[in-house]
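Written out below as structure tokens is the structure these notes cover.
The values are calculated or read from the model by the stated rules, or taken from the named source; none is laboratory data. None of these values were measured; they are calculated from a predicted model. Because the Cβ atoms are built from the backbone with ideal geometry, glycine has one as well, and the counts that use them run over all protein chains shown.
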Amino acid sequence: MYPIISLSVTGLLTLFLGFSENKKIVFPASIAFLLIALATAFIDWNAPGFYFNDMLQVNNTSIVFWAILIISAILIMGFSEGFERFEFAQPAEYFAIVQFSLVGAIMMVSFKNLIMLFLGIEILSVAMYVLTGADKRNIRGNEAALKYFLMGAFATGILLFGMAMFYGATGTFNIGSGVFIGGDNSFFLWIGCTFMLIGMLFKVAAAPFHLWTPDVYEGAPTIFTAYMSTIVKTAGFVALFKVLSTTFSGLQDFWWIMIAVLVTLSLMIGNIGAVSQNSFKRLMAYSSISHAGFMLLALLGDHENALGSIMFYSVVYTLATISAFGVLMVVSKERIEKGRVYEQNDLFKGLAQNNGFLATVLIIAMLSLAGIPLTGGFWGKFFVFRDAASSGLFWVIIMAVLMSAIAIYYYFKPVLLSMSKKTSLESITINPLAKFIFAITTFGTIVLGIFPWILRSLF
């Protein structure tokens, strides 16, 4: 609970810092505020409890996910230093909205009541709509923000309708160890489960509710694309797990069929759609859809292991994604075409010759996203495959393995381009903070690829 209070207060303080004549203070202050929120998260360690009239549950599991979300935000915001002069007129607004959005993400992983889940989703979603259109001079970004908002509004309506059906069937918004199935409430529970799944799967970009993803990823400023592809996905899947494993655990024979179909669609659309992409951000958008399919696999297995698998997959996917988008941010600012940064795949041509450090970071990130051994991404896929195998869903696993083979093709596109001998870029400089973040994400990817149980043993 303490990070919610901390981030709410520091978000307001960040807005007031925007009135300061010295704009340079906003960035270090915002990082410090996030570090304070991270520290306060562990006040409740080994002290489980309920807050806000039992609508919010705090335990060690939720605290671990709080830490993952806040650390991810710190790593992403580390790339913001100096970017405000290119894309953002008021950096204080951006940093404040990021802090407010984390409040929503924290509520999504800690809710004990569907009303609290809805508040968390909306706090996070509204912040993402605003941040997507943060670069007001970018027409493509404005269009992406409008598309995201309109489609998100429909998804919110569908989610609320599902919650209303659940309330009508049970008379409560509280989640528990399952609900009574049978009698007159069965039909309403089926409707409620279906519509709530649709609303939540939109947030994690699972097919066929993914249509917003490529345009929004491409149109949003790259730093916010990295944010929504990591933090939003992590919070969304934890919330989805809690809903299915508690609220609708008695309906597992009903919803697992839908999840299996959605896994198939997400993997096929995500991986096949990425093959033809020339834009790196659109490639990563379709990659995000495919990874949503892999994370959904964990929900089809044993619930005792599923949360741990989701946690591990979220961490390794976040590390690799931050590395990939971070390299794109650093490299793309060196090449401006028609007043905008260049973000096509061939931007990385000759990167190894130009800057070996950045090329190494990019290559390791792509290998991890592809699930190559000795990277964290390999074990992330291994754990979700193991969970699916425990339920006997071998046909889904076979299809997922085939889609992983296709993924190697498009993930190796930027890898091969980076090792080309021809480059159109001048010498690339990296500020020390960005270099430090790259070191953390790359080292974490390798360590978790060699010693996965360091993290997996937490659950």
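Checking each residue in the stretch 11-46 for being polar (S, T, N, Q), under 23 Å from the mean Cα position of the chain (by Cα) and crowded, with 21+ Cβ neighbours inside 10 Å picks out only SER30. Among the residues of the stretch 303-327, which ones are farther than 20 Å from LEU201 by Cα and either surrounded by fewer than 24 Cβ atoms within 10 Å (Cβ to Cβ) or of a type in the set (Asp, Glu) (or both)? Correct list: GLU304, ASN305.
Has the stretch 278-300 got at least one residue that is surrounded by fewer than 22 Cβ atoms within 10 Å (Cβ to Cβ) and without any contact (Cβ under 8 Å) to a residue 12 or more places away in the chain? Among the residues of the stretch 278-300, not one is surrounded by fewer than 22 Cβ atoms within 10 Å (Cβ to Cβ) and without any contact (Cβ under 8 Å) to a residue 12 or more places away in the chain, which makes the answer no. Restrict the check to the stretch 389-397 and report whether at least one residue is surrounded by 14 or more Cβ atoms within 10 Å (Cβ to Cβ) and under 21 Å from THR321 (Cα atoms). There is no residue in the stretch 389-397 that is surrounded by 14 or more Cβ atoms within 10 Å (Cβ to Cβ) and under 21 Å from THR321 (Cα atoms).
Restricting ALA285, ALA298, ALA365 to those that are closer than 24 Å to LEU402 by Cβ, assigned to a helix (DSSP H, G or I) and at pLDDT below 90 reduces the list to ALA298.
When ALA439, ALA434 are checked against the criterion of being among the aliphatic types (A, V, I, L, M), under 30 Å from ALA67 (Cβ atoms) and without any contact (Cβ under 8 Å) to a residue 60 or more places away in the chain, ALA439 stands alone in meeting it. Checking PHE224, PHE312, PHE202, PHE209 one by one, the residue that is in contact with a Pro (Cβ under 8 Å, 6 or more places away or on another chain) and of a type in the set (A, V, I, L, M, F, W, C) is PHE312 and no other. Counting residues in the stretch 350-361 that are in a helix (DSSP H, G or I), in contact (Cβ under 8 Å) with a residue 40 or more places away in the chain, touching a helix residue (DSSP H, G or I) at 6+ places or on another chain (Cβ under 9 Å) and within 20 Å of TYR317 (Cβ to Cβ) gives one or more. Taking the stretch 66-183 as the region of interest, the helices (runs of 4 or more DSSP H) fully inside it that hold 1 or more residues being of a type in the set (Val, Ile, Thr) and modelled with pLDDT under 90 are 114-132, 139-170.
Of the residues making up the stretch 17-28, those that are without any contact (Cβ under 8 Å) to a residue 60 or more places away in the chain and in a helix (DSSP H, G or I) number 3. If the condition is being touching a Gly at 6+ places or on another chain (Cβ under 6 Å) and at pLDDT 90 or above, then the stretch 184-198 contributes PHE195, MET196.
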